[in-house]
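Reviewing the structure listed below.
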């Protein structure tokens, strides 16, 4: 495999059929891509539907696979388990909510490969475009907060996809197991001098159900509270490490 993309799926039974079909087309167009669906402890029919859908396609080729987790230990945990079995030299993750065209995934990997060849270690991230004013305002606020707390420029933290060379994997050994994983990845790239580029991604509405991170205002508020707590916890942890190193 040249590329591996991980899709964490938690209670996504409504989106799975179209998602599998879309990524099977991606694999047909570019057989260098490996797609890893992580059934992240779903309590609905996600696991069963994944098995049924992949059985209808070409799962035997090994290009589409499932990682089955019995218990949901967090969004980040699911992604990290998927990355453990990824075989690609360039790897990454994206959401399973069908909010953008999956054909952008191979384009992202190819753009990343070109950037690495020209400029060295690089992380590619999505940059959401053509969004509503509330979503844009929320994203801007969280970006400003994260940048101020961690003293590193961070923007559109939760935008998908995230892609990088597998040589970055050791840097994720202390990564959080929740939604803070996206922030942690960008921060780790910054402090290690890794170039960050973005790819414009037009987001649509979910096909069904609601976003785990928050389409509704109440969900966005809860996500912002969790993220804020994590930012200050990470800052404190880094300060303690610096003090311990001095002693």
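Bear in mind that the values in this text are calculations on the coordinates, not laboratory data. Since the structure is predicted, the reported quantities are computational estimates derived from the model, not experimental observations. Every residue, glycine as well, gets a Cβ built from its backbone with ideal geometry; the counts of neighbours run over all protein chains shown.
In whole Å, what is the distance between the alpha-carbon centres of segment 14-89 and segment 126-154? Segment 14-89 and segment 126-154 have Cα centres separated by 29 Å. Looking at the chain only, what percent of DSSP beta bridges run antiparallel? Nearest 5 please. Of all bridge pairs located within the chain, approximately 20 percent are antiparallel.
Using C-alpha pairs under 8 Å with a sequence gap of at least 6, the mean separation divided by the residue count of the chain gives a relative contact order of 22 percent. Neighbour counts of other Cβ atoms within 10 Å put 135, 182 in the fewest-to-most order 135, 182. Calculated on C-alpha atoms, the gyration radius of segment 3-246 divided by its Kirkwood radius gives an Rg/Rh of 0.95. Using the Cβ-Cβ distance between residue 134 and residue 174 with R0 = 45 Å, the FRET efficiency computed as 1/(1 + (r/R0)^6) comes to roughly 0.85. Put a dot 7 Å past the Cα of residue 143, heading toward its Cβ, do the same for residue 85, and the two dots end up 3.5 nm apart. Fewest neighbouring Cβ atoms within 10 Å first, the residues 183, 9 line up as 183, 9.
Counting other Cβ atoms within 10 Å as a rough exposure proxy, the listed residues 109, 37 run 109, 37 from fewest neighbours to most. Each semi-axis of the equivalent ellipsoid for segment 5-146 is √(5λ) with λ an eigenvalue of the Cα gyration tensor; in descending order they amount to 25, 21, 15 Å.
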